[in-house]
1. Which condition breaks for residue 121 when tested against (1) assigned to a strand (DSSP E or B); (2) over 20 Å from residue 69 (Cα atoms); (3) touching a helix residue (DSSP H, G or I) at 6+ places or on another chain (Cβ under 7 Å)?
2. Can you list residue pairs whose Cβ atoms sit under 6 Å apart, with the first residue in region 123-152 being on the phi > 0 side of the Ramachandran plot and surrounded by 15 or more Cβ atoms within 10 Å (Cβ to Cβ) and the second being at pLDDT below 95 and assigned to a loop (DSSP other than H, G, I, E, B)? Count only pairs 6 or more apart in sequence or on different chains.
3. So, residue 156, is that one assigned to a strand (DSSP E or B), surrounded by 14 or more Cβ atoms within 10 Å (Cβ to Cβ) and either without any contact (Cβ under 8 Å) to a residue 60 or more places away in the chain or out of contact with any helix residue (DSSP H, G or I) (no Cβ under 8 Å at 6 or more places or on another chain) (or both) or not?
4. Quick one: in region 159-173, which of the residues that are in a loop (DSSP other than H, G, I, E, B) and surrounded by 14 or more Cβ atoms within 10 Å (Cβ to Cβ) is modelled with the highest pLDDT?
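The values are calculated or read from the model by the stated rules, or taken from the named source; none is laboratory data. Since the model is a prediction, treat every value here as computed from it, not as a measurement. Here Cβ is always computed from backbone atoms with ideal geometry, including for glycine, and neighbour counts include all displayed protein chains.
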C-alpha cells in the first residue's frame, strides 16, 4: 500500500493549484477540536475547501487552519504567542504552509535556488512545495519578511491568501472571541 509520502505531484500541477484564483466562503464554518488521543483539547482547527472562479470545489485541495492558545510563560513579554499553522494540502500532500510561532527553529534539509533561502529559520516561516526535493519537498522553509504580530491570526491568514491568490467571502472566525459564537478552550 502506498503512503502519502510516496505521492509526489508534478511541480506544474502544484503551481497551477496554488496560484490559480480561488475563493473561500466562511458561511457556516466553525472551529472544531483537534484533541490528541486520550488528552484534553489543546488545538482548534478549521478545514476549508476552496472554490474556483466558477464556484466549483477545487478537486484535491483543502486548507487547514490550526490554532493553539499560548500556554507558556514568557519572561520578556506580556504578549501572547499562540501556535498557528495554515496549510494547503493537495491530495493530502502539504504544498504550502505558514508556521507562525516565533520560537520555532526550522532547519532546511534540502537546498533550493530561491532568493529567500537560508539554512535555518528562527520564527515565522512559510513552506512551499518543490518537486525536485522529493521526500524533502514539504520540509523547505523560508522566513516571512512581513512584520506580523505573533498572535495575529487574521494577519497570517491575509498573508496566506495573498500568496495563494485567495478571495474570501465573509470573515475567518476568531477561535477564542466570545462574539465569534465559538466555544473557547478552557485555559
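1. With (1) assigned to a strand (DSSP E or B); (2) over 20 Å from residue 69 (Cα atoms); (3) touching a helix residue (DSSP H, G or I) at 6+ places or on another chain (Cβ under 7 Å) applied to residue 121, the lone miss is (3).
2. Sorted first by the residue in region 123-152, then by its partner, the pairs are 123/102.
3. no
4. Filtering region 159-173 for residues in a loop (DSSP other than H, G, I, E, B) gives 164-165, 170-173.
If we keep only those that are surrounded by 14 or more Cβ atoms within 10 Å (Cβ to Cβ) as well, we get 164, 172-173.
Details: 164: 98, 172: 95, 173: 93.
Filtering first and then ranking leaves 164.
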